Structure formats: C-alpha cells, structure tokens
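Heads up, the thing below is written out as structure tokens.
The values are calculated or read from the model by the stated rules, or taken from the named source; none is laboratory data. Since we're looking at a predicted model, the values are computed, not measured. Every residue, glycine as well, gets a Cβ built from its backbone with ideal geometry; the counts of neighbours run over all protein chains shown.
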Amino acid sequence: MSSDPRITCSVIATDTWSKARALDLTTLHGRVETPIFMPVATQAALRCVDLPVADDLDFQVLLANTYHLLLRPGPEIMAQHGGIHRFMNWQRGVLTDSGGFQIFSLSKQLSMSEEGATFRSYVDGRRIQLTPEKSIETQRIIGSDIMMVLDQCIRSTCSEAEARAALELTTRWARRSFDARGDSRQALFGIVQGACFPHLRKESAEQITSIPFDGFALGGLAVGETRAEREDTTEFAAPLLPADKPRYLMGVGTPIDLLEAVRRGMDMFDCILPTSLANQGVIFTSRGRIDLRRGVYRSDMQPLDPQCSCSTCQRYTRSYLQHLVRSSEFIAGQLLSIHNLTFYRNLMRGMRENIIAGTFRDFYHSQVEALSSDDLDNPTNPPPVTTKMNRMVLGNYEVVVRDDRMPAIRHRNSGEVMHISEDPRIESHSLYVEGSRLFDRVADGSEPLVIWDVGLGAATNAMVGLLALEERETIERPIKIVSFENDLDSLRLALQHPWHFEHLRHGAPHRLLKDGQWQSSKHPITWELKHGDFMDLCAGADAPDIVWFDPFSAKVDSPMWTMPVLAKVLSLTRGKATSLHTYSASTAVRASLLHAGWFVGRGVGTGMKRETTKAYTVEAVRRGLATDLLDTTWLGRWERSDSQVPVGADPEPFKKAIRGHPQFGA
C-alpha cells in the first residue's frame with residue numbers, strides 16, 4: 001500500500017484448498033467486507049427496489065455508472081447535490097464504473113482515438129468526447145468512494161492484434177487517469193485487459209500494477225466468451241494482481257460465477273442479473289434457478305425458497321407470485337428483486353464465513369450443484385412467456401407486447417415466442433455476431449465471406465449482424481448474407497409495426513421483401529433472400545463460411561433439426577473452414593451434428609440458456625478456429641442420456657458413430 005492510502009486493505013483469511021480470501025476494506029463511507037457483491041444502481045437507482053431495502057440487506061457498496069450519469073442528469077446537477085451520496089440519499093459506499101463498457105456496448109457512431117472515445121448521446125444526440133481526464137473529472141464530481149480508470153473494452157473473442165492494441169491503449173489511458181485523480185481522497189482502481197490470451201493478460205497486469213492504484217480489476221470478461229474461458233482467464237489472471245489489494249471482477253455474474261471466481265481469488269463483483277432477471281420472473285434458490293412463468297407453479301403453495309428469510313418468502317407463495325408475474329404487475333419485479341438480492345447477500349456472507357472458518361471447500365461442494373442448475377425439484381421444458389394478447393396478427397403469427405420486455409413475434413399454433421430473451425438484439429449479437437467471431441472472419445481473407453442465415457424469422461439475427469457491420473469504418477472483404485425462410489409472414493408482420501422492432505428501422509428488410517435482395521451503399525455487403533423449402537434451395541447457394549442456424553424451434557420446425565439437414569449443410573460447405581452456430585444445446589442436436597460429421601463445441605450462454613452450440617468442419621479445426629469442443633466428459637453424459645439417439649435413427653450404428661468420432665480421440 002502507498003504511504004497515504006485512499007483505501008485500507010487487510011487480509012483476514014486465505015483458504016488453504018483454493019485461492020479464496022476474505023478482506024476488510026475501509027473506504028470514505030465505511031467498512032467493506034469481502035467477498036462482496038455490489039448491486040448495480042446504474043443511474044443512481046436500483047431497478048424496482050428502494051435503496052433502504054439495500055441498506056437493510058447490508059449491502060456495503062453500490063455500483064453507479066459514469067457514462068449514464070454524465071449524460072443524465074449531468075455533472076452540474078450532481079455537483080449541486082454535493083455528490084451522489086446526497087443525490088440518492090445513500091450513506092454507504094459507491095463504486096463508479098468509468099463508462100468504458102457502455103461506450104463499447106451502447107454508443108452509436110463511436111470513434112476511438114488516442115485522446116478518448118467520441119460518441120453521440122442516447123439522451124439528446126449531443127456529440128460527446130469522453131477522455132480519461134473527463135471520466136475522472138466526472139467521477140470526482142459524482143463523489144464515489146472508488147473510481148475506475150477509463151479503459152477500452154472490446155469483445156473477449158477478438159483477435160490477438162485487437163486485444164493487444166486495446167490493452168496498450170488502456171495502459172496509456174490508465175496513466176492519464178491516475179494523473180488526473182490528483183489529490184482527491186477517492187480510491188482509484190486500474191483495469192487489466194487482454195481478452196482470453198494469457199500472455200496478453202500477463203503483459204497487461206505487469207503494466208497496470210506498475211502504477212500505484214488502490215485496487216485492480218479484470219475487465220473484458222462476460223462479453224462473449226464461454227463460462228469455461230472466463231473461469232480459465234480468471235484462474236490465470238487473479239494471481240497476477242497484488243495480494244495486498246482488492247481484486248474486482250467486473251460485470252460478473254450469476255451465483256455460480258461468483259462462487260467460481262471467489263474460489264480463484266477474486267474479491268469484488270457486480271452484475272445487473274439479480275434485479276434484471278427478477279423483472280422477468282426468474283429467481284435463484286437453494287434448489288436452483290426458478291422461472292415463475294412456468295405453469296408448474298400456478299398452484300404451488302410453497303414460498304420461493306423454504307430456506308430463505310427474506311420478506312417475500314415469509315409473506316407470499318409461489319402461486320401468488322406467479323400470478324403477479326403472469327399479470328405483469330409492477331410489484332412482482334420488486335418482490336422478486338428483494339428475494340434475489342437477499343440470495344446474493346446470503347451467498348457472499350456464506351463464502352466469507354466459511355473462508356474465515358477454514359471450511360470453504362465443504363461449502364463450495366455443498367453449493368455448486370444447486371448454483372449450476374435450474375429447478376432441481378421441477379425439471380423443466382422451455383418456459384412459457386408472460387404476454388398481453390393483442391390483434392396485431394398476420395397468418396399464423398402475432399405480435400405480443402410484454403411489460404418491461406421487448407415485444408416479440410408469437411407462433412399462434414404452437415404458442416412459442418421468437419427470441420424469448422429480454423432484448424433479443426443482445427442475444428443475437430452475443431450468439432451469432434460475437435459467437436461466430438464475425439469481425440475476425442471479415443479480416444481474414446479477400447474472397448467473399450458467405451453467411452447463411454437459416455431461419456430468417458423477423459430478421460433479428462441478420463439485421464443485428466448487418467447493423468454491426470455497417471458501423472465499421474471500412475470493410476475490405478465482400479460479405480454476402482443469404483437468408484432462408486419458408487414463411488415470410490413473421491417478417492411482414494414485424495415490418496407493419498416498426499415502433500415495436502427497432503432493428504427493422506432500416507431500408508434493408510423492406511428492399512429484401514420487395515426485390516429478394518439488398519446492397520449496402522456503404523460497404524461491400526449484399527443480402528439475398530431464398531424463400532421456400534430449405535432443402536430445395538440450399539444446394540443452389542454459395543458455400544457458407546458461417547452458418548447462423550436458427551429455425552424457429554424443434555416443435556414448429558422439427559424437420560430442420562434432423563441429421564439429413566445437418567449433414568446436407570456440412571456437405572455444402574465444400575471443404576471450407578466453416579463454423580455453425582445455434583441456440584440449441586440439446587443432447588439430441590449435438591449428437592446429430594456429431595453423427596453428420598461436424599466437430600461440436602459449447603457456445604456462449606444467452607438469456608436463460610447456460611450454453612448454446614457451435615460446430616466446425618474439419619478444415620475449420622485444422623485452421624485452429626474450433627474452440628471449447630465437447631470432450632469425453634460430455635460423451636459420458638451422452639451415454640447416460642435418454643436422448644442418445646434421435647427418433648428414426650438406427651440405434652447401434654448411431655451410437656458407434658458417436659463413440660468413434662475423431663473429436664473424442666478415436
């Protein structure tokens with residue numbers, strides 16, 4: 001520690017089985033005990049929860065965001081209140097994120113330079129430049145206990161060259177941020193970048209820890225990588241940070257993420273999930289994650305979690321709370337948020353107490369199954385969705401408007417909803433744009449990059465990809481998107497109601513429906529529609545480099561998920577280094593892909609799905625594009641599964657083919 005520390009740090013206990021540790025910190029607004037979870041009050045408010053609730057639950061630090069508070073209400077209003085503590089009447093600690101992640105994820109017309117990031121305000125369209133000095137100046141006015149340096153956050157699946165450039169810029173900005181802090185009594189944390197490249201994480205850690213910050217954070221995670229990649233990166237990088245200062249894992253995460261990260265030596269965490277998921281009807285319990293939208297809870301007279309003492313569990317049944325969720329009552333989000341925040345508080349307390357007592361190993365093993373699982377007492381099918389019916393209908397589709405969630409397209413016969421997540425654009429970007437490493441593929445080669453969009457639907461995936469590409473300053477490689485769809489009514493319906501579907505506020509989908517194709521005026525990007533039966537049309541399309549495989553569902557589009565289709569797609573790659581990405585993580589789909597000849601891996605989790613699936617051709621494996629392939633552990637689970645063999649397949653030859661797949665070392 002420096003001779004005049006802004007934050008004091010005492011190591012109370014370290015675990016002998018793992019790298020877990022318990023710290024006592026002292027900030028401007030009191031004592032902080034770690035491991036600690038910091039609820040996210042992005043705009044100086046918790047979502048659906050009054051701040052006295054957080055105080056009663058003994059949360060010692062909240063996280064607010066410099067980017068959002070800079071835009072609204074602005075530093076002038078914050079200064080009039082004397083800082084954020086008086087502004088929101090909160091007497092405990094506040095940590096402010098610098099805005100780097102929000103610039104990366106939210107900003108429109110973004111340009112980066114050595115000086116800083118320039119973007120347009122989402123509030124009023126003003127052009128704003130956020131420099132390291134401006135970020136620190138704003139955080140000083142906000143008056144947070146802990147400030148963060150401005151960093152360049154990029155997707156964790158980026159190329160090594162992009163990761164290196166970002167970490168070098170982050171280091172230069174970190175030094176400028178440190179100098180800008182001046183004589184402020186606020187603590188300042190540095191941020192280590194480097195994506196999922198161990199040697200870059202090491203290099204970044206050496207650079208950032210050479211500056212006498214008051215604590216250190218791992219940034220650039222939970223932005224596209226798999227859970228395994230995140231855990232491996234944390235395992236490697238945590239020991240690179242000083243042992244006598246707090247370690248902060250930014251933007252993480254689920255309860256199992258917290259348990260695994262504490263095990264690996266991290267101390268501080270933040271995430272929107274406890275309140276965000278509560279507003280969707282999803283809660284965490286001692287028996288796994290529960291989605292109250294499911295019909296199984298309609299007459300369930302139990303509390304949410306019999307082991308929980310929160311006011312929600314003490315007063316209400318699952319049946320009543322499910323009624324509130326399905327009725328889209330605002331108070332449902334508040335009651336469920338109270339429970340989720342209590343669950344997180346209890347988990348962090350439990351970890352600290354067991355680290356100090358020397359029993360963390362037993363605690364870890366007692367928690368890991370429930371924290372990794374969905375409802376252990378009621379194994380699930382995909383959950384139904386709370387909707388408000390309306391008459392926006394075309395053919396077999398209708399628009400459903402869901403309180404506090406994005407409108408969506410519902411298939412009337414099956415009752416299933418396209419893109420069930422809170423914001424399908426985020427899901428599409430994570431699974432298909434980042435999951436396929438689209439920008440890396442664009443930069444790798446000069447021949448046209450062909451993307452098959454199998455299952456156009458309401459064009460969410462294609463438009464999210466197209467809009468992401470159009471935001472690039474330059475694209476040298478020609479790109480061709482080929483969308484397949486046998487029923488265009490869902491897209492026609494969505495285009496009739498563009499105020500509900502922001503991704504369609506663009507000329508491309510209108511031109512695609514009218515002419516069957518569209519050409520970008522900015523970049524060498526073309527979009528082609530193939531309307532009709534996929535198996536009849538796919539042979540006439542250019543061989544794909546990337547396949548976004550998104551048929552509606554196995555229930556609605558069951559033939560599309562069969563071995564003949566998956567084998568046909570593989571044959572039409574014609575020797576290319578092709579990757580396929582799909583939202584399904586079912587054992588049957590993965591087994592069918594393997595049987596068809598694909599090499600199969602775990603894809604990034606999105607929304608309610610802990611994992612998705614990606615698959616590769618032999619050439620893609622040979623070129624080193626394949627990551628996180630299924631191993632013999634998965635093979636063992638498949639052997640015990642009830643879904644070993646798809647319907648219609650000859651069992652013994654099918655099983656022999658899976659066991660003999662070269663992916664498993666045969």
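Restricting the stretch 611-644 to residues that are part of a helix (DSSP H, G or I), among the charged types (D, E, K, R) and touching a residue at least 12 places away in the same chain (Cβ under 8 Å), which is surrounded by the most Cβ atoms within 10 Å (Cβ to Cβ)?
Step one: filter the stretch 611-644 for residues part of a helix (DSSP H, G or I), giving 618-622, 632-639.
Then drop every residue that is not among the charged types (D, E, K, R), which leaves 619, 622, 637, 639.
So of that shortlist, the ones also touching a residue at least 12 places away in the same chain (Cβ under 8 Å) come out as 619, 622, 637.
On the way: 619: 14, 622: 11, 637: 11.
The extreme case among them is 619.
Residue-wise test of (1) without any contact (Cβ under 8 Å) to a residue 24 or more places away in the chain; (2) touching a helix residue (DSSP H, G or I) at 6+ places or on another chain (Cβ under 6 Å); (3) in the same structural domain as residue 617 (by TED's automatic domain parsing); (4) under 20 Å from residue 460 (Cα atoms).
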{"residue": "519", "(1), (2), (3), (4)": "yes, no, yes, yes"}
{"residue": "532", "(1), (2), (3), (4)": "no, no, yes, yes"}
{"residue": "536", "(1), (2), (3), (4)": "yes, no, yes, no"}
{"residue": "544", "(1), (2), (3), (4)": "no, no, yes, yes"}
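Only one of 301, 268 is more than 23 Å from the chain's Cα centre (by Cα) and at negative phi; which? Give the derivation first.
Working: 268 fails: more than 23 Å from the chain's Cα centre (by Cα).
The conditions single out 301.
Going by what's in this entry, would residue 466 be described as under 26 Å from the mean Cα position of the chain (by Cα) and hydrophobic (A, V, I, L, M, F, W, C)? Walk me through it before giving the result.
Working: under 26 Å from the mean Cα position of the chain (by Cα): yes; hydrophobic (A, V, I, L, M, F, W, C): yes.
Answer is yes for this residue.
Is one or more of the residues making up the stretch 428-450 in contact with a strand residue (DSSP E or B) (Cβ under 7 Å, 6 or more places away or on another chain), β-branched (Val, Ile, Thr) and either part of a loop (DSSP other than H, G, I, E, B) or modelled with pLDDT of 90 or more (or both)?
For the stretch 428-450, residues in contact with a strand residue (DSSP E or B) (Cβ under 7 Å, 6 or more places away or on another chain), β-branched (Val, Ile, Thr) and either part of a loop (DSSP other than H, G, I, E, B) or modelled with pLDDT of 90 or more (or both): present.
What do you reckon, is residue 573 polar (S, T, N, Q), out of contact with any His (no Cβ under 6 Å at 6 or more places or on another chain), touching a residue at least 40 places away in the same chain (Cβ under 8 Å) and within 27 Å of residue 646 (Cβ to Cβ)? Break it down stepwise before answering.
Values: polar (S, T, N, Q): yes; out of contact with any His (no Cβ under 6 Å at 6 or more places or on another chain): yes; touching a residue at least 40 places away in the same chain (Cβ under 8 Å): yes; within 27 Å of residue 646 (Cβ to Cβ): yes.
The answer is yes for residue 573.
Applying the selection to the stretch 183-234, what residues are without any contact (Cβ under 8 Å) to a residue 12 or more places away in the chain, of a type outside the set (Asp, Glu) and over 21 Å from residue 437 (Cα atoms)? So that I can check it myself, show each step before the final result.
Just the residues of the stretch 183-234 that are without any contact (Cβ under 8 Å) to a residue 12 or more places away in the chain, to begin with: 183, 199, 210.
The next check asks that each one be of a type outside the set (Asp, Glu); those that pass are 199, 210.
Matches in the stretch 183-234: 210 only.
If you go through the stretch 283-292 one residue at a time, do you hit one that is surrounded by fewer than 23 Cβ atoms within 10 Å (Cβ to Cβ) and assigned to a helix (DSSP H, G or I)?
For the stretch 283-292, residues surrounded by fewer than 23 Cβ atoms within 10 Å (Cβ to Cβ) and assigned to a helix (DSSP H, G or I): absent.
Given (1) modelled with pLDDT of 95 or more; (2) surrounded by fewer than 18 Cβ atoms within 10 Å (Cβ to Cβ); (3) closer than 18 Å to residue 261 by Cβ, identify the lone condition not met by residue 345.
The one condition residue 345 does not meet is (2).
Looking at 647, 600, which is the one that is assigned to a strand (DSSP E or B) and either farther than 28 Å from residue 288 by Cα or touching a strand residue (DSSP E or B) at 6+ places or on another chain (Cβ under 7 Å) (or both)? Show your work before the answer.
On the way: 647 fails: assigned to a strand (DSSP E or B).
Among 647, 600, only 600 is assigned to a strand (DSSP E or B) and either farther than 28 Å from residue 288 by Cα or touching a strand residue (DSSP E or B) at 6+ places or on another chain (Cβ under 7 Å) (or both).
What's the total number of residues in the stretch 65-79 that are crowded, with 17+ Cβ neighbours inside 10 Å and either free of Cβ contacts under 8 Å to residues at least 40 places away in the same chain or within 25 Å of the chain's Cα centre (by Cα) (or both)?
Final tally of qualifying residues: 7.
List the pairs whose first member sits in the stretch 42-62 and is at positive phi, whose second member is part of a loop (DSSP other than H, G, I, E, B) and among the aliphatic types (A, V, I, L, M), and whose Cβ atoms are under 8 Å apart, counting only residues at least 6 apart or on separate chains?
Hits for this filter: 44/88.
How do the pairs read when you match residues in the stretch 480-501 that are in the same structural domain as residue 551 (by TED's automatic domain parsing) with residues anywhere that are surrounded by fewer than 23 Cβ atoms within 10 Å (Cβ to Cβ) and polar (S, T, N, Q), using Cβ under 8 Å and keeping only pairs 6 or more apart or on different chains?
Pairs that qualify, where the first residue is in the same structural domain as residue 551 (by TED's automatic domain parsing) and the partner is surrounded by fewer than 23 Cβ atoms within 10 Å (Cβ to Cβ) and polar (S, T, N, Q), are 480/526; 481/526; 487/396; 489/396.
Do you know which of the residues in the stretch 317-334 that are without any contact (Cβ under 8 Å) to a residue 40 or more places away in the chain and surrounded by 19 or more Cβ atoms within 10 Å (Cβ to Cβ) is farthest from residue 290 (Cα to Cα)?
Taking the candidates together, the pick is 324.
Would you confirm whether any residue within the stretch 471-491 is aromatic (Phe, Trp, Tyr) and out of contact with any helix residue (DSSP H, G or I) (no Cβ under 6 Å at 6 or more places or on another chain)? Steps first, answer last, please.
At the first step, the residues of the stretch 471-491 found to be aromatic (Phe, Trp, Tyr) are 484.
Pick out the ones that are also out of contact with any helix residue (DSSP H, G or I) (no Cβ under 6 Å at 6 or more places or on another chain) and you get none.
No: the stretch 471-491 contains no residue that is aromatic (Phe, Trp, Tyr) and out of contact with any helix residue (DSSP H, G or I) (no Cβ under 6 Å at 6 or more places or on another chain).
Does residue 286 satisfy the condition of being of a type in the set (S, T, N, Q), in contact with a Phe, Trp or Tyr (Cβ under 7 Å, 6 or more places away or on another chain) and either at pLDDT 95 or above or more than 30 Å from residue 416 (Cβ to Cβ) (or both)?
Values: of a type in the set (S, T, N, Q): yes; in contact with a Phe, Trp or Tyr (Cβ under 7 Å, 6 or more places away or on another chain): no; either at pLDDT 95 or above or more than 30 Å from residue 416 (Cβ to Cβ) (or both): yes.
So residue 286 does not fit the description; no.
Kindly establish whether residue 390 is assigned to a loop (DSSP other than H, G, I, E, B), modelled with pLDDT under 90 and under 26 Å from residue 332 (Cβ atoms). Before the answer, list the steps.
Details: assigned to a loop (DSSP other than H, G, I, E, B): yes; modelled with pLDDT under 90: yes; under 26 Å from residue 332 (Cβ atoms): yes.
So residue 390 fits the description; yes.
Assuming residue 301 fulfils every condition listed in (1) in a loop (DSSP other than H, G, I, E, B); (2) crowded, with 23+ Cβ neighbours inside 10 Å apart from one, which condition is it?
Of everything listed in (1) in a loop (DSSP other than H, G, I, E, B); (2) crowded, with 23+ Cβ neighbours inside 10 Å, residue 301 misses just condition (2).
All but one of (1) over 19 Å from residue 203 (Cβ atoms); (2) surrounded by 21 or more Cβ atoms within 10 Å (Cβ to Cβ) hold for residue 154, so report the exception by its number.
Evaluating residue 154 over (1) over 19 Å from residue 203 (Cβ atoms); (2) surrounded by 21 or more Cβ atoms within 10 Å (Cβ to Cβ) leaves (1) as the failure.
How about the stretch 462-516: which of its residues are closer than 21 Å to residue 447 by Cβ and of a type in the set (S, T, N, Q)?
Of everything in the stretch 462-516, those that are closer than 21 Å to residue 447 by Cβ and of a type in the set (S, T, N, Q) turn out to be 474, 483.
Would you point out which residue out of 144, 135, 159 is in contact (Cβ under 8 Å) with a residue 40 or more places away in the chain, surrounded by fewer than 21 Cβ atoms within 10 Å (Cβ to Cβ) and small (Gly, Ala, Ser)?
Details: 144 fails: surrounded by fewer than 21 Cβ atoms within 10 Å (Cβ to Cβ); 135 fails: surrounded by fewer than 21 Cβ atoms within 10 Å (Cβ to Cβ).
Answer to the check: 159.
Contact list please: Cβ distance under 6 Å, first residue in the stretch 427-438 and more than 10 Å from residue 157 (Cβ to Cβ) and not assigned by TED's automatic domain parsing to the domain that holds residue 481, second residue among the basic types (Lys, Arg) and at pLDDT 95 or above, pairs at least six apart or on different chains.
Pairs that qualify, where the first residue is more than 10 Å from residue 157 (Cβ to Cβ) and not assigned by TED's automatic domain parsing to the domain that holds residue 481 and the partner is among the basic types (Lys, Arg) and at pLDDT 95 or above: there are none.
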